[in-house]
Amino acid sequence: MKYIISIVFVIITGTFHQVNAQNPVKEIGKVTKVEIGSQSVNITTDNAFAAITVYSTDIVRVRIDKQPLQPDFSYAVISQPVKTSVHISESDTAVILLTDSLKTVIQKDPFSIAFYSLDGNLINEDETGLTTSWVGEEVTAYKKMQDGERFIGLGEKTGNLDRNGSGYTNWNSDVPAYPLDKDPLYSTIPFYIGIHHHVNYGIFLDNTFQSDFNFGASNDRFSSFGARGGELNYYFIYHTRLADIITSYTSLTGRMKLPPLWSLGYQQNRWSYYPEAEVMRIAQTLREKKIPADGITLDIHYMDRYQLFTWDKDRFPDPPAMTKKLKDLGFHTTVIVDPGIKIEPGAPAYELGLKQDVYIKYPDGKYYAGQVWPGWCNFTDFTSEKGRAFWRKEVKFFSDNGVSGIWNDMNEIATWGQKMPSNIIFDYDGRKASLLEAHNVYGMQMARSSYEGAVESSTNQRPFVLTRAGYAGLQRYTAIWTGDNFSSDDHMLLGVRLLSSLGLSGVPFTGVDIGGFIGTASPELFTRWMQLGAFFPYYRDHKQYDSKASEPWTFGESALDNLRPYVNLRYKLLPYLYSVFYEATQNGLPVVRSLAIDNAFDPKIYETSFQNQFCLGNALMIAPVVSTQDFAKIYFPKTTWYDLYTDSVETGGSEKIIQLSMKQLPVYVKESSIIPMQTLVQSTAIMPSDTLILHIYKGAIVNTFIYYEDDGQTFDYEKGVYYKRVITYNPSQKIIVLDKTEGSFHSKFKNILLVLHGFDGAKEININNQSINLTENKISFLSPSSFDTKEFSDNLGAASVLTAVIKNDTGKITIKY
């Protein structure tokens, strides 16, 4: 009998092990233990450990791992949980966490999570049959895809605005002339926003390993996100307004500091401008042809054989003198900086890196070497404080030479062969990590080191840092551009979507290579791209080495005549643009705004015909058009819109086909908008006139705009040296209020020219009980001096407006009309 039982036992256990061996997927299992804290719950399951923490009333953090959870660490998240009133209850089947905004339900068998609004609407839930599981070291959370669910964001990703049906991988990559559907690209921001049934939410997966997101690609059952190693660590964010989701996300990952004002001006780039005589020729031609500009950028040929922290003395015999001459012309100099330090015995930077032991290594202690432009290079470990300190000191080299901007390139890390070994060891701030974990965060930490070094090496001057690679939170240190794009209409439109997606993902300061880095643009394409770029946060023209020149005047006089008015408009819009950048520092909202931010539940904005339309701040809507179009179909979201050039009115919720002219890019102004502008200058080093031109558009909605001004150069604004004024337009009360100013900075504007659009029939305004007559006028936004329309109105359009000049005193100004 014992013999038979033994045989049966062997058969059963053998069968069990055989089944187990055939199942490579490890499921999370059911809950076996619950520990409840004040605003968190620790859970043990059959196969995992989890912690669910309320970070604020609208943010819940979920951590899950096969091993007991390790001490917390993140390069992205800089905030701590906010003390929040949370009611936690437990039953035999579930644990519930309740705030005044969100209800989180954790089912016990098996472990799964669902999020509900307080009125009981489902926001997001695990796919009940799959929940969370592992395949080897890869961990994935599976979410039930709701009917009609849309997915937007995820940073620098190709494809449509709505990512439903697509899958994406995050692994920072060097991809020159990338195809329109290429994935991955240069940076990693694993944050997306889900939209369904008039509900929107955000999910941020904070894991630097290669991560994968599936929004219904190759399946009809789920969306999912996961990583090839590490723990499942994500933040769930819920708000009724999509804009507030971005604000909450950036409360976790941080917000940008104000950039220097010059970095918002036009930048002329090339791979490469050399020698010094060529650099000066470019700068002088910009001035001679009256193309406003603030920056000249030097690519790798400024260096001595591509060695970092050197100049080629034949090409640039006296760099400080050159940068001084450029500054006298109103130009700031930006230089490219790659992470690879040439292995050159005797070279000061290389030797110091050896002495301080700052380079990344193999497990046996030997330094990793890879080939890039200089040849064989070692690479600073920016995940080490020792490595960052080394870099911060070396960066002083640039400020000593009069350089204002640092352009971090090739920092994915890019090397010839594009196959760095996985067994390279990074310090990872004392935790130690292989390339698999450190790769995606390397570029961000380089940008961080460059930013901190630039701050340390200057006297109270804001640095400008630009990066190609990055990770979530990069906005704290750097602007980003979308890499080595191609000269085509499709790439121009793709660039718009990339900027919109980066904006949805918490990054306000973004740009593209206008004209396309690789290839040759036609005059028409370059014209359209320059017109469009005038509304991008970072406005730069850039072209590859050994190719046709791509400066604005190289495309002929007709192209120059059609694009120059938009460079002019960019400079006239600087008071508005700078105020929008200030807003980004306060609430994280982007400068380039996808229409989804204010119209998340409008299906029209996701159609491919309209998905490229975007807003600059809250007031201006731009409709990109390609170089070959004679007609364009525009969609006007719900509200009333004014044509920028003629003030003709378009009704919201409608489509319109318009005839195109190369002289104009379709631009519209939202009703009730408040847009401060200035007179035209050729660079931000030149003072505009002492009159702020304040445009206000009649509408049916109350609007508030925060006008912001400071010196544009220093960090004194952090000490209260700024000028801030809340401007409110209230149509029901027929008043415009310029509230009392804040801050100790004195505005550069002594007067305000009030320009009223759509206020037909108004004869006068009453300012603090004093009547002032309104003057009828015509304005052309594309003329050099807006009100001189003799030459421009016929070709470029003019709008009839009412104007009045008032004093820009510091008191509260109430205008009745």
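The values are calculated or read from the model by the stated rules, or taken from the named source; none is laboratory data. Computed from a predicted structure; not experimentally measured. In this analysis, Cβ positions are derived from the backbone assuming ideal geometry, glycine residues included, and neighbour counts consider all displayed protein chains. All accessible areas refer to the heavy atoms of the entire protein, side chains included, with ligands and DNA or RNA removed. Shrake-Rupley method; radii C 1.70, N 1.55, O 1.52, S 1.80 Å.
Just give me the residues in region 215-250 being open to solvent by 10 Å² or more (accessible area, probe 1.4 Å) and closer than 30 Å to Gly533 by Cβ, in sequence order.
Answer for region 215-250, where residues must be open to solvent by 10 Å² or more (accessible area, probe 1.4 Å) and closer than 30 Å to Gly533 by Cβ: Arg241, Asp244, Thr247.
Restricting to region 603-642, what's the tally of residues that are open to solvent by less than 10 Å² (accessible area, probe 1.4 Å), over 29 Å from Val801 (Cα atoms) and either polar (S, T, N, Q) or in a loop (DSSP other than H, G, I, E, B) (or both)?
1
Taking region 86-101 as the region of interest, how many residues are in contact (Cβ under 8 Å) with a residue 40 or more places away in the chain and not acidic (Asp, Glu)?
Going through region 86-101, the residues in contact (Cβ under 8 Å) with a residue 40 or more places away in the chain turn out to be 86, 88, 90, 95, 97, 99-101.
Subsequent filtering for residues that are not acidic (Asp, Glu) retains 86, 88, 95, 97, 99, 101.
So the answer is 6.
For region 579-593, which positions are open to solvent by 10 Å² or more (accessible area, probe 1.4 Å) and in contact with a helix residue (DSSP H, G or I) (Cβ under 7 Å, 6 or more places away or on another chain)?
Of the residues in region 579-593, the ones open to solvent by 10 Å² or more (accessible area, probe 1.4 Å) are 582-583, 585-587, 589, 593.
Matches in region 579-593: Asn587, Leu589, Arg593.
Please find, within region 699-728, the residue that is least open to solvent (accessible area, probe 1.4 Å) out of those that are farther than 30 Å from Ser458 by Cβ and in a loop (DSSP other than H, G, I, E, B). Please lay out each step first, then the result.
The initial filter retains those residues of region 699-728 that are farther than 30 Å from Ser458 by Cβ, namely 699-705, 726-728.
Filter again for in a loop (DSSP other than H, G, I, E, B), leaving 699-702.
Details: Gly699: 18, Ala700: 85, Ile701: 72, Val702: 90 Å².
Among those residues, the one meeting the criterion is Gly699.
Which residues, counting only those in region 357-371, are surrounded by 15 or more Cβ atoms within 10 Å (Cβ to Cβ) and not in a strand (DSSP E or B)?
Kept after step one, since they are surrounded by 15 or more Cβ atoms within 10 Å (Cβ to Cβ), are these residues of region 357-371: 358-361, 367-370.
Scanning region 357-371 gives Val358, Ile360, Tyr368, Ala369.
Any idea which of Phe745, Phe787 is free of Cβ contacts under 8 Å to residues at least 60 places away in the same chain and in contact with a helix residue (DSSP H, G or I) (Cβ under 8 Å, 6 or more places away or on another chain)? Full working, then the answer.
Working: Phe787 fails: in contact with a helix residue (DSSP H, G or I) (Cβ under 8 Å, 6 or more places away or on another chain).
Just one listed residue meets the conditions, Phe745.
Taking region 374-392 as the region of interest, how many residues are under 28 Å from Phe316 (Cβ atoms) and part of a loop (DSSP other than H, G, I, E, B)?
2
Hey, could you check region 741-779 for residues that are basic (Lys, Arg) and at pLDDT below 95 and say which is most open to solvent (accessible area, probe 1.4 Å)? Before you say what the answer is, go through the steps one by one.
Step one: of region 741-779, the residues basic (Lys, Arg) are 748, 750, 763, 778.
Still in the list and also at pLDDT below 95: 763, 778.
Working: Lys763: 147, Lys778: 100 Å².
So, considering only residues that are basic (Lys, Arg) and at pLDDT below 95, the one most open to solvent (accessible area, probe 1.4 Å) is Lys763.
In region 251-298, how many are open to solvent by less than 10 Å² (accessible area, probe 1.4 Å) and of a type in the set (D, E, K, R)?
Residues flagged as open to solvent by less than 10 Å² (accessible area, probe 1.4 Å) and of a type in the set (D, E, K, R) within region 251-298 amount to 1.
Working only within region 511-540, note down all residues that are buried (at least 24 other Cβ atoms within 10 Å of the Cβ), of a type in the set (A, V, I, L, M) and in a strand (DSSP E or B).
Val512, Ile514 - these are the residues of region 511-540 that are buried (at least 24 other Cβ atoms within 10 Å of the Cβ), of a type in the set (A, V, I, L, M) and in a strand (DSSP E or B).
Residue check: is Ser550 within 27 Å of Thr333 (Cα to Cα), of a type in the set (Gly, Ala, Ser) and buried (at least 23 other Cβ atoms within 10 Å of the Cβ)?
Numbers: within 27 Å of Thr333 (Cα to Cα): yes; of a type in the set (Gly, Ala, Ser): yes; buried (at least 23 other Cβ atoms within 10 Å of the Cβ): yes.
Considered against the rule, which asks whether it is within 27 Å of Thr333 (Cα to Cα), of a type in the set (Gly, Ala, Ser) and buried (at least 23 other Cβ atoms within 10 Å of the Cβ), Ser550 comes out as yes.
Filter region 729-755 down to the residues that are in a strand (DSSP E or B) and of a type in the set (Phe, Trp, Tyr) and list them by number. Give the steps one after another, and end with the answer.
Kept after step one, since they are in a strand (DSSP E or B), are these residues of region 729-755: 729-730, 735-738, 742, 751-755.
Passing the criteria: only Tyr729.
Which residue pairs have Cβ atoms closer than 6 Å, lie 6 or more positions apart in sequence or on different chains, and pair a first residue in region 326-348 that is more than 21 Å from Arg448 (Cβ to Cβ) and surrounded by 24 or more Cβ atoms within 10 Å (Cβ to Cβ) with a second residue that is hydroxyl-bearing (Ser, Thr, Tyr) and modelled with pLDDT of 95 or more?
His332/Ser404
Do any strands (runs of 3 or more DSSP E) entirely within region 204-304 hold 1 or more residues that are under 20 Å from the mean Cα position of the chain (by Cα) and modelled with pLDDT of 95 or more, and if so, which?
On the way: elements: 211-214, 222-227, 232-239, 295-298.
Hits in region 204-304: 211-214, 232-239.
Find all pairs meeting these conditions: Cβ atoms under 8 angstrom apart; at least six residues apart or on different chains; first residue within region 418-432 and farther than 13 Å from Lys361 by Cβ; second residue open to solvent by less than 40 Å² (accessible area, probe 1.4 Å) and of a type in the set (D, E, K, R).
Cβ pairs passing all conditions: Gln418/Asp174.
Looking only at region 41-82, how many residues end up being free of Cβ contacts under 8 Å to residues at least 24 places away in the same chain, open to solvent by 20 Å² or more (accessible area, probe 1.4 Å) and either charged (D, E, K, R) or not in a loop (DSSP other than H, G, I, E, B) (or both)?
Number satisfying all stated conditions: 5.
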